[in-house]
Amino acid sequence: MNYLGKILIISGDKNTGKTFLCRKIIRVLKKKKVLVKGVISPGCYIAEKKSRIDVEDIFSDEKRTLARFSPGWDAENPIREWLFDQKNLEWGNELLRKSIPADVLIIDELGYLELEKHLGWTNAFNVLGSKRYHLAIIVIRSGLVEKAEKLWPDSEIIDLNIIQDENQIISKIINVILEFLEIDKQQSPKLHLH
């Protein structure tokens, strides 16, 4: 099978709904029997404050604790607030290695560890480079988008900091994905989300 290997980056600052948007996309695609794989990293809240981040296998729904809120733990970069569980970080990395082929690949999210330190979910880079998917959706914080654009210059970016109608963007993403799956796989359609 020929895959299109297109990349869509969803960016935004903290708490702009990046993971929430991914969950909505996953729910709709699964209902339409689209093969969706990858990982999402939902936050877990206590009294409206994020206390931990989980990593969830999109295909099986299995989840584990990825990181706990622990501001200042990193002397090299004291603004880092999240202390990662190495075993579960490796589990997520292995999930990514096994996530292709797929119709839609979702990686929520690539961050400081991956883009600055070349640690964490490093398998994401080989998986994305393989292009064994029709569309990959990568979640990246706004401050790291410039690095992501250098890695994937043909990607399209949706900036949740400026999106006014989330439902409209979800609808557009879903329609583009379904269009990808229905067209002749030899063609290479453009993403038209704006």
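Okay, residues lined up against (1) at pLDDT 95 or above; (2) surrounded by 11 or more Cβ atoms within 10 Å (Cβ to Cβ); (3) within 18 Å of K18 (Cβ to Cβ):
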| site | (1), (2), (3) |
| --- | --- |
| P42 | yes, yes, yes |
| I46 | no, no, no |
| K50 | no, yes, yes |
| I53 | yes, yes, yes |
| I58 | yes, yes, yes |
| K63 | yes, yes, yes |
| P71 | no, yes, no |
| R80 | no, yes, no |
| L83 | no, yes, no |
*Taking I26 and the conditions (1) over 12 Å from the mean Cα position of the chain (by Cα); (2) modelled with pLDDT of 90 or more, which numbered condition does it fall short on, given that it satisfies the others?*
(1)
*With (1) in contact with a Gly (Cβ under 7 Å, 6 or more places away or on another chain); (2) surrounded by 17 or more Cβ atoms within 10 Å (Cβ to Cβ); (3) over 30 Å from N175 (Cα atoms) as the list, and A67 as the residue in question, which single condition is left unmet?*
(1)
*asked:* Tell me yes or no: at least one residue of the range 5-20 is in contact with a Pro (Cβ under 8 Å, 6 or more places away or on another chain), under 30 Å from D165 (Cα atoms) and either of a type in the set (F, W, Y) or without any contact (Cβ under 8 Å) to a residue 24 or more places away in the chain (or both).
replied: no
_Being within 26 Å of K14 (Cα to Cα) and acidic (D, E) is the filter here; which residues of the range 95-130 pass it?_
D108, E109, E114, E116
*asked:* For the range 141-169, which positions are acidic (D, E) and either touching a Cys at 6+ places or on another chain (Cβ under 8 Å) or surrounded by 14 or more Cβ atoms within 10 Å (Cβ to Cβ) (or both)?
replied: E149, E156, D159, E166
*Among the residues of the range 143-179, count how many are among the aliphatic types (A, V, I, L, M), closer than 18 Å to L4 by Cα and in contact with a strand residue (DSSP E or B) (Cβ under 8 Å, 6 or more places away or on another chain).*
4
*Hey, could you check the range 116-131 for residues that are at pLDDT 95 or above and exposed (fewer than 13 other Cβ atoms within 10 Å of the Cβ) and say which is nearest to K150 (Cα to Cα)?*
G129
*If you go through the range 174-192 one residue at a time, do you hit one that is polar (S, T, N, Q), at pLDDT 75 or above and either buried (at least 16 other Cβ atoms within 10 Å of the Cβ) or not in a helix (DSSP H, G or I) (or both)?*
no
*Is there a residue in the range 148-163 that is outside any loop (DSSP other than H, G, I, E, B), touching a Leu at 6+ places or on another chain (Cβ under 6 Å) and at pLDDT below 85?*
no
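The values are calculated or read from the model by the stated rules, or taken from the named source; none is laboratory data. Because the structure is predicted, anything quoted here is derived from the model rather than measured. FYI the Cβ positions are ideal-geometry reconstructions off the backbone, even for glycines, and counts take in every protein chain you see.
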